[in-house]
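To start, the structure under review is shown below, and the notes come after it.
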């Protein structure tokens with residue numbers, strides 16, 4: 001899945017990198033509340049992305065949000081890093097270690113924008129030196145990580 005950083009999805013697009021709604025089991029299909037713009041960040045699949053240091057505050061916030069603030073992708077499978085072919089990479093930061101699963105994504109809201117980034121984002125930042133756009137870094141530091149409870153159910157399994 002490749003999206004340019006800050007690619008804006010069409011209005012009404014589900015909060016998913018896929019064109020299908022996010023399916024939350026036992027809840028249904030969920031969407032962003034109306035009036036929020038959805039932007040892609042970190043969907044890197046080939047060389048040529050921006051690199052550089054990322055502020056510690058941003059990395060700390062991403063660590064703190066994982067895995068509780070990851071929106072599941074349903075049964076769309078697991079993603080392996082296309083650069084190093086690492087499956088479930090382990091990342092370390094300031095004495096903390098987590099195993100990242102290549103399933104799901106972050107949704108970070110800041111004002112009227114939501115930034116969608118893959119669950120492997122910390123691996124891309126720490127191991128491949130990916131540098132997200134500054135507006136995303138600001139959102140991570142000052143915004144809110146959304147959960148399924150922040151999304152609107154449009155259709156229910158019940």
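Please treat every number below as a calculation from the coordinates, not as lab data. Worth saying up front: this structure is predicted, and the values here are computed from it rather than measured. Cβ: placed from backbone, ideal geometry, glycine included. Neighbour counts: every protein chain shown.
When the inverse distances between all different Cα atoms of the range 93-145 are averaged and flipped, the Kirkwood radius reads 11.9 angstrom. Ordering 135, 30 from the fewest to the most neighbouring beta carbons within 10 Å gives 135, 30.
FRET efficiency for the residue 20 to residue 56 pair, using the beta carbon distance and R₀ = 35 Å, is estimated at 0.45. Based on alpha-carbon centroids, what's the gap between the range 100-158 and the range 20-69 in Å, whole number please? Going from one Cα centre to the other spans 2 Å. Most tightly packed first, judged by the mean number of other beta-carbon atoms within 10 Å of their residues, the peptides 94-105, 139-150, 111-122 read 111-122, 139-150, 94-105.
Projected label points at residue 110 and residue 83, each 7 Å from Cα along the beta carbon direction, are separated by 2.1 nanometres.
Listed by Cβ neighbour count within 10 Å, with the fewest neighbours leading, 43, 93 appear as 93, 43.
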